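Since the structure comes first, as structure tokens, the remarks are kept for the end.
The values are calculated or read from the model by the stated rules, or taken from the named source; none is laboratory data. Remember, predicted model here, so these are calculated numbers, not experimental data. Every residue, glycine among them, receives a Cβ derived from its backbone with ideal geometry; neighbour counts consider all protein chains shown. Side chains included, ligands, DNA and RNA excluded: accessible areas come from the protein's heavy atoms. Shrake-Rupley method; radii C 1.70, N 1.55, O 1.52, S 1.80 Å.
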There are 2 protein chains.
Amino acid sequence: MSNKYRDQFIRAVDTVRDEGRYRIFRDVRRRCGDFPKATWFKDDGSENEITIWCSNDYMGMGQSPCVIEAVKQAVDRAGTGSGGTRNISGTTHYHVQLEQELAELHQKDKALLMTSGYVANEATLGVMSKILPGLHVFSDAMNHASMIAGISRARCEKTIFKHNDLEDLERALKAADPHVPKLIAFESVYSMDADIAPIKEICDLADKYNALTYCDEVHAVGMYGPRGGGIAERDGLMDRIDIIQGTLAKAFGMIGGYIAANTDIIDAVRSLASGFIFTTSLPPSTAAGALRSVKILKISPHLRTQHQERAGALRTRLTRAGYPVIGNETHIVPLMVGDPIACQGASDTLLNDYGIYAQPINFPTVPKGTERLRFTPSPFHTDAMMDELLLALEHVWHTYGLKRRRVA
Amino acid sequence: MSNKYRDQFIRAVDTVRDEGRYRIFRDVRRRCGDFPKATWFKDDGSENEITIWCSNDYMGMGQSPCVIEAVKQAVDRAGTGSGGTRNISGTTHYHVQLEQELAELHQKDKALLMTSGYVANEATLGVMSKILPGLHVFSDAMNHASMIAGISRARCEKTIFKHNDLEDLERALKAADPHVPKLIAFESVYSMDADIAPIKEICDLADKYNALTYCDEVHAVGMYGPRGGGIAERDGLMDRIDIIQGTLAKAFGMIGGYIAANTDIIDAVRSLASGFIFTTSLPPSTAAGALRSVKILKISPHLRTQHQERAGALRTRLTRAGYPVIGNETHIVPLMVGDPIACQGASDTLLNDYGIYAQPINFPTVPKGTERLRFTPSPFHTDAMMDELLLALEHVWHTYGLKRRRVA
């Protein structure tokens with residue numbers, strides 16, 4: 001590689017660094033059975049015990065003894081990798097069973113596993129314009145990068161509507177050619193702002209303007225609804241969403257993503273989506289573990305109650321103490337910082353001085369100027385851990401001169 | 001969903017069906033310790049014992065007791081999923097160690113794990129034009145779908161050169177603007193044609209025209225080179241390839257993909273590639289299993305010898321019996337059929353009547369008119385299994401009126 005090329009790669013990273021968003025990956029090891037405690041491997045070779053406050057293993061299912069047992073059993077029975085794409089020897093009985101279970105969870109004909117939630121969004125949205133020529137996509141402004149990647153890949157007409165703004169969405173739908181196929185793409189729970197989409201109203205608009213609905217429930221499956229079917233299940237709206245997209249990597253504690261829909265949609269995506277076709281399927285043991293996890297959470301409303309209680313407790317304590325908590329309806333508790341350098345600094349101090357791990361959320365994950373710390377209390381985060389966190393924040397907020405509402 | 005939409009989804013699948021390339025996924029369960037034997041779950045609910053002849057678990061590492069032990073140990077220690085993106089609590093010590101091992105394997109500064117080989121290609125190639133404005137990519141005509149997806153995502157100037165054709169590549173390089181950044185993207189082993197790229201000569205051209213080189217070694221890592229570093233290692237060319245891309249899902253028997261390159265390239269891709277940033281990292285146990293697998297294959301040249309011996313034995317027997325074997329230099333043994341319906345029929349008969357599982361390879365995996373059966377003998381495919389295969393093919397070739405060279 002010539003120096004000219006090297007300089008360009010270096011410059012690309014320098015830009016990231018200059019904007020205060022150069023990312024240093026923390027090397028941690030989760031300790032099974034002891035979550036949210038973990039070991040942090042520091043750059044100098046030493047190790048520290050820390051408390052993870054930013055995991056998307058929201059319910060701690062990644063350490064469930066039943067899930068672990070299912071994974072180990074499947075590895076013993078079927079080995080590690082699947083050895084092929086879904087079409088070329090990579091469809092195992094575990095995949096088939098998991099897809100049936102997910103279809104049942106969302107009350108759809110069929111489900112289709114993908115290697116990740118990212119791939120599920122990108123592959124599915126990316127192939128829609130091929131199936132529906134002339135497609136016009138209406139996309140919420142806060143949609144996840146993977147949805148944006150899929151829509152961009154589709155190279156179709158698209159309109160971005162203001163976040164959760166029904167008027168803006170209707171304006172866009174009304175302005176569009178009434179004869180072209182339409183699809184409204186949105187999330188149920190927005191992970192960084194911790195707010196929830198007006199699903200019913202979006203579906204009403206979809207009916208009115210004859211649009212398909214595509215809802216990303218990755219931050220909701222397992223955690224909302226009587227059986228963990230997500231916000232759409234909670235609100236009795238699953239049958240009004242044409243394509244529900246979910247993940248196995250968050251509340252279900254594994255890896256992988258999926259869509260659930262009627263037979264015709266699934267068969268078309270299965271037959272045409274490049275990101276689904278040309279990739280090795282998930283390992284049998286991943287499917288086995290996820291199957292167990294979905295089954296467990298289906299019958300564990302008490303875990304969901306406990307989870308919400310913990311999130312509510314933290315949110316209340318932070319709000320009462322005057323911290324700028326964002327959102328108020330989900331299990332995610334973000335604190336606005338509004339500056340990338342301060343956000344990184346606050347996170348570093350929390351980790352170094354207090355063993356509290358909350359990764360800074362900077363651009364491009366959130367818009368510039370809205371950098372934040374994002375806490376995800378699980379059922380395993382105790383009151384004592386919250387005491388520690390509040391104490392540490394007190395110090396950190398002062399150190400970095402961050403704003404706090406005056407409290408009585 | 002209105003009937004109009006439903007019709008469009010149905011029509012999309014009908015087109016696939018009309019072209020004889022509708023895919024029926026075989027529901028199999030690998031039996032650990034018994035590979036390539038497996039159980040086939042038939043649609044009528046019955047089960048058959050079969051021999052898998054089309055797995056990309058080329059070396060059978062998916063059932064290695066040592067790899068399985070590493071996976072189970074890591075699940076016990078760290079739980080199942082990683083719980084986050086690499087940046088947000090999803091970097092574990094297992095990931096760090098595996099990346100170091102892969103960098104060492106390819107003699108590069110750094111390696112970067114992705115959730116799949118597909119994602120590694122798409123995310124890396126997709127971000128290149130952002131780092132190198134004005135980029136012109138030169139892409140081999142037979143490159144994998146994931147590379148095509150990445151290049152398409154980059155939305156840069158691209159020229160497709162004839163497969164493995166140095167003259168055509170040079171013509172294209174010569175015709176290009178000498179001042180723009182250039183990248184030559186190719187594979188080492190082409191999986192469907194079982195041939196190998198002229199890597200040295202491509203690198204010579206890259207030097208001459210100041211282009212970067214990107215080589216997909218997914219069908220070579222673990223299987224070629226003294227330590228399993230791939231064809232580039234075998235030919236002493238690793239230092240001449242700027243970005244080596246590999247997979248953990250084939251010879252290494254797990255799931256996941258990666259790139260290996262110098263620090264500046266890795267840091268730029270790590271900092272900017274959407275498909276890397278916004279997705280949950282591989283489970284710790286996947287990284288642990290892959291680490292073990294890479295380490296084992298590094299010191300197992302005897303397995304590579306055995307693997308090549310088995311592939312050679314099958315290729316020789318088929319060639320002697322007059323079958324249209326494609327290619328002659330790799331571990332993959334494809335037989336040309338040249339018709340999608342016959343290819344599907346032959347595969348069905350092999351499976352139903354002989355318990356031999358070789359999935360038909362149809363469009364879009366290969367060009368129309370070049371449909372084929374593709375056999376991948378592992379070190380665990382015995383002479384007796386080959387006897388059975390030859391006997392079955394004799395019948396199938398006759399049944400479908402397929403061509404065979406007359407033999408003395």
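Things to note:
- Under the shape rule built on the C-alpha gyration tensor, where the axes satisfy a ≥ b ≥ c, segment B:2-47 is prolate, since a/c reaches at least 1.5 and a/b is greater than b/c.
- Size descriptor, Kirkwood hydrodynamic radius, that averages inverse alpha-carbon separations across chain A, Å: 22.5
- Degrees between helix A:284-298 axis and first principal axis of chain A (Cα, 0 to 90, nearest 10): 80
- Contact order relative to length of chain B, as percent, for alpha carbon pairs under 8 angstrom and 6 or more apart: 21
- Overall Cα dimensions of segment A:1-130, principal axis frame, Å, largest first: 51, 47, 29
- Restricting the calculation to Cα atoms, segment B:224-352 yields a radius of gyration followed by a Dmax of 19.0, 54 Å.
- Note on segment B:238-311: Cα-only Rg and Dmax are 14.9, 43 Å.
- Shortest-first nm distances, A:Glu157 label point to equivalent points in other copies (7 Å, Cα→Cβ): 3.3
- A cut-off of 5 Å between modelled amide H atoms, ignoring neighbours fewer than 5 places along the same chain, links A:Asn56 with B:Gly84.
- Relative to the other identical copies, A:Gly236 shows label-point distances of 7.6 nm, where the label point lies 7 Å from Cα along the Cβ direction and values run shortest first.
- 5 angstrom amide H check on B:Thr213, placed H, neighbours 5+ away: B:Ile184, B:Asp242, B:Ile243
- With Cα atoms, 0 to 90° folded angle of helix B:199-208 axis to chain B main axis: 30
- Within a straight-line Cα-Cα reach of under 20 Å, B:Lys403 can be paired with the following lysines, leaving aside sequence neighbours fewer than 8 residues apart in one chain: B:Lys368.
- With protein chains left intact and a 1.4 Å probe, residues in chain A average 34 Å² of accessible area per residue.
- Calculated [222 nm] ellipticity per residue, helices only, for chain A: -13500 deg cm²/dmol; basis is -39500 (n - 2.57) per DSSP H run with n ≥ 4, divided by all residues, nearest 500.
- With only Cα atoms counted, segment A:278-347 has Rg and Dmax values of 18.3, 51 Å.
- Anchor A:Lys37: lysines whose Cα lies under 25 Å away (excluding residues fewer than 8 positions away in-chain): A:Lys72, A:Lys250, B:Lys72
- Across q = 0.08 Å⁻¹, the protein assembly as shown modelled as identical point scatterers on its alpha-carbon atoms has Debye log10 I(q)/I(0) values of -0.66, in the order of the q list.
- Above 15 Å, the calculated P(r) of segment B:346-408 contains 59 percent of its Cα-Cα pairs.
- If you take the Cα centroid of segment B:356-380 and the Cα centroid of segment B:264-339, the two points sit 15 Å apart.
- Placing +1 on the Cβ of every Lys and Arg and -1 on the Cβ of every Asp and Glu, with nothing else charged, gives chain A a dipole about its Cα centre of roughly 340 debye.
- Accessible area, probe 1.4 Å, largest first, for residues A:Asp264, A:Asp177, B:Asp216: A:Asp177, A:Asp264, B:Asp216
- Using R0 = 41 Å, the C-beta based FRET efficiency linking A:Val180 and A:Asp353 works out to 0.15.
- Other-copy label distances relative to A:Pro198, 7 angstrom Cα-Cβ extension, nm: 6.5
- Here the protein assembly as shown is treated with +1 on each Lys and Arg Cβ and -1 on each Asp and Glu Cβ, and its dipole about the Cα centre works out to around 80 debye.
- Chain A: angle of helix A:145-154 to the longest principal axis, Cα-based, in degrees nearest 10: 30
- Rounded if a/c under 1.5, otherwise prolate or oblate - segment A:67-130, Cα gyration tensor axes: prolate
- The Rg/Rh ratio for segment B:135-223 is 0.94, where Rg is the radius of gyration of the alpha carbons and Rh is the Kirkwood radius.
- Couplings 3J(HN,Hα) of segment B:332-349, computed from phi: 9, 10, x, 10, 6, 10, x, 8, x, 5, 4, 5, 5, x, 4, 5, 4, 5 Hz, in residue order, whole Hz [Karplus 6.51 cos²θ - 1.76 cosθ + 1.60, θ = phi - 60°; x for Gly and Pro].
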